[in-house]
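Notes for the one structure printed next.
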Amino acid sequence: MSAVKRIPFKRSWWIPKRIFDYTVSFLGLVVLSPLIVGVAALVRATSSGPVLFTQIRVGRHGKCFKCYKFRTMVAGADALGSITTATDSRITNVGRVLRRCKLDELPQLWNVLIGKMSFVGPRPDVPGYSDLLQGSDRQILELLPGITGPATLIFNDEAQLLKQVNNQKAFNDHVIYPEKVRINISYIERGSFFKDIGYIIATVAPRITGWIRLDIWLGIDYSAFRKKMKAEVFRYNTGKML
């Protein structure tokens, strides 16, 4: 049996990364508190149910934690499945706006502040998916999960992508999830503090990212990815191999 390849972590990356996470999340919660309160009031006023959507996610070292977001679906929607498409009828009208503007992610600043998440990293999985990681892929669990990251940016239209396939769960399990694992392993291998800043800029200002070609430096090839996913959608819908 061959030895599992381990990717050495860089202290020059992880120490400033945590300092940045703590400082910016604290300042963000203070500065954005009026916006956070306003969004909370809007969610409360426009649909019945709790303001926050709390879900158990898998964090660093496989330890579960409570991940917070503003609720964008009708109360109890998670009981009907974890796969969400762009036309999902469970999403509220206000929820669609919050998702489009990424405002539903604001409560995760608290997760970052207390050290359960980072600004940049793999998105935290629901229990069950992390159990599928094998060999060197399990090193992903040594990372703090992130609000954004390369996989999040590349799959920014994941809901639209799932809308195109007949078997959404199979497509997620056999195409999307393995692709995210590959991207996240590459993130461990090639990541740096300055690239983390780049991923944050690409998240909040995607047009600027394209203008200054920051996506090329970050290794985000949207064109190649769209071609690959188009082929996978065709294969899943027709059963044909391209």
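Data for the structure
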item	result
Within the range 109-132, tally of residues that are surrounded by fewer than 19 Cβ atoms within 10 Å (Cβ to Cβ) and aliphatic (A, V, I, L, M)	4
Residue in the range 70-81 that is over 26 Å from F20 (Cβ atoms), under 20 Å from the mean Cα position of the chain (by Cα) and at pLDDT 90 or above present	yes
All helices (runs of 4 or more DSSP H) inside the range 159-242 with 3 or more residues being more than 18 Å from the chain's Cα centre (by Cα)	206-211, 214-218, 222-238
Search result, residues across the range 132-174 that are small (G, A, S) and closer than 26 Å to H61 by Cα	G135, S136, G146, G149, A151
Candidate set from the range 223-241 (those that are surrounded by 14 or more Cβ atoms within 10 Å (Cβ to Cβ) and touching a residue at least 40 places away in the same chain (Cβ under 8 Å)); member that is nearest to T203 (Cα to Cα)	F225
Yes/no for R44 being touching a residue at least 40 places away in the same chain (Cβ under 8 Å) and either over 14 Å from the mean Cα position of the chain (by Cα) or under 30 Å from N166 (Cα atoms) (or both)	no
Of all residues in the range 15-52 being of a type in the set (A, V, I, L, M) and assigned to a loop (DSSP other than H, G, I, E, B), the one that is modelled with the lowest pLDDT	V51
One residue from R99, R71, R57 being closer than 24 Å to I185 by Cβ and buried (at least 17 other Cβ atoms within 10 Å of the Cβ)	R57
Count of the range 147-178 residues which are surrounded by fewer than 20 Cβ atoms within 10 Å (Cβ to Cβ), more than 23 Å from R96 (Cβ to Cβ), of a type outside the set (A, V, I, L, M) and touching a residue at least 12 places away in the same chain (Cβ under 8 Å)	3
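The values are calculated or read from the model by the stated rules, or taken from the named source; none is laboratory data. Given the structure is predicted, the values throughout are model-derived calculations rather than measurements. Don't worry about glycine lacking a Cβ; one is built from the backbone with ideal geometry, like all the others, and counts go over all protein chains shown.
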